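I have placed the structure first, in the form of structure tokens, so that the comments after it can refer back to it.
The values are calculated or read from the model by the stated rules, or taken from the named source; none is laboratory data. Remember, predicted model here, so these are calculated numbers, not experimental data. Neighbour counts are summed over all protein chains in view; Cβ atoms, including those assigned to glycine, are modelled from backbone coordinates with ideal geometry. SASA here: full protein model, heavy atoms, side chains in, ligands and nucleic acids out. Shrake-Rupley method; radii C 1.70, N 1.55, O 1.52, S 1.80 Å.
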Amino acid sequence: MALKHQNTYKHLLNFTGSPVRPVLTCFHYKSGDVVATNSHIVLKVKNLSPDNLGEFNFNPKTLEINTDAYPDIDRVIPTIFNSEWKITPACCSVITKLLKGFPRDARIKVKINLDGMEISNGEISSLFPIRLVAGDNRIEFTCNATYLKHILAFVVDYTDDLVTFGFVSEIRPMVFKVDGEFTAVLTPIRVPKGRA
């Protein structure tokens, strides 16, 4: 699979937020790393820019510097997981194609066990290969299909390495990462008990 690092800028834009919080429309540069977040998903790409540029917020649409304080992203990225899984970029590509068929911001249920990762919206259900590395062998959560699509589409363009998926619980942020390359965070949708 040919990597498309030139698309990284476009992917970072998918992670930026609304002008209601102007700092979230920015890319945050720090020590060579670049971060974008809309407060529901985060993408941190390592060593994307020269590390001597300092720390600043850059709005890619207005080409302006924003001096507001950027959220402390490292504080919300889990580092200890109840289970860790591995998924291939090729599998991420197939899942991305499925997710493109869902309406924007559709709510989907994801179940992962030793059989694989099942993604469903109540009408459509598909199973994809994923491998357990450590921890719980059955997990389940609900998330925004568009946000998951943004993360997996970035993975497809950016790496050919196995991606680690770290899971804490159905109400805690989840992490997709390749050490030394990137970290992407997905915040699940909280579903009241008894509701699908």
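Expressed as a whole percent, how much of the Cα-Cα distance distribution for the chain exceeds 32 Å?
Tail of P(r) above 32 Å: 14 percent of Cα pairs.
Got a number for carbon plus sulfur as a percent of the chain's accessible area, 1.4 Å probe?
Here it works out to 50 percent.
Label point 7 Å out from Leu132 along Cα-to-Cβ: which residues of segment 77-113 have amide N under 14 Å?
Only 82-86, 112-113 pass the distance filter.
Report the label-to-label distance for Gln6 and Glu181 in nanometres (one decimal), using points 7 Å from each Cα along the Cα→Cβ vector.
Roughly 2.0 nm, to one decimal.
Along the charge dipole of the chain, Cβ charges K/R +1 and D/E -1, which of Phe167, Pro103, Val76 sits furthest on the positive end?
Among Phe167, Pro103, Val76, the one farthest towards the positive end of the dipole of the chain is Pro103.
Roughly what would the spin-label model give for Thr62 and Asp105, points 7 Å off Cα along C-beta, in nm?
Modelled inter-label distance: 2.3 nm.
With the cut-off at 23 Å, tell me which of the pairs Lys4/Lys97; Lys10/Lys61; Lys61/Lys100; Lys4/Lys46 have Cα atoms farther apart than that.
Listed pairs above 23 Å: Lys61/Lys100.
Give, in nm to one decimal, the length gained when the segment between Asp160 and Thr79 is fully stretched (0.36 nm per residue of separation minus the Cα-Cα distance).
Gain in length upon complete extension: 26.9 nm.
Taking the Cα centre of segment 49-196 as the origin and placing charges on Cβ (Lys, Arg +1; Asp, Glu -1), which of Gly122, Phe141, Thr88 is farthest toward the positive end of the dipole?
Gly122
Find, among the GluC sites (Glu not before Pro) in segment 118-188, those assigned to loop by DSSP (not H, G, I, E, B) with at most 12 other beta-carbon atoms within 10 angstrom.
The qualifying sites are Glu123.
Extending each Cα 7 Å along its Cβ direction at Ala90 and Lys46, get the distance between those two points in nm, one decimal.
If labels sit at Ala90 and Lys46, their model points lie 2.5 nm apart.
Filter the trypsin sites (Lys or Arg not before Pro) in segment 87-139 to those in DSSP coil with at most 13 other Cβ atoms within 10 Å of their Cβ, and list the result.
Lys100, Arg104, Arg138
Under the 0.36 nm per residue contour assumption, what length would be gained going from the current alpha-carbon distance of Asp72 and Arg21 to full extension?
The Asp72-Arg21 span can extend by a further 16.9 nm.
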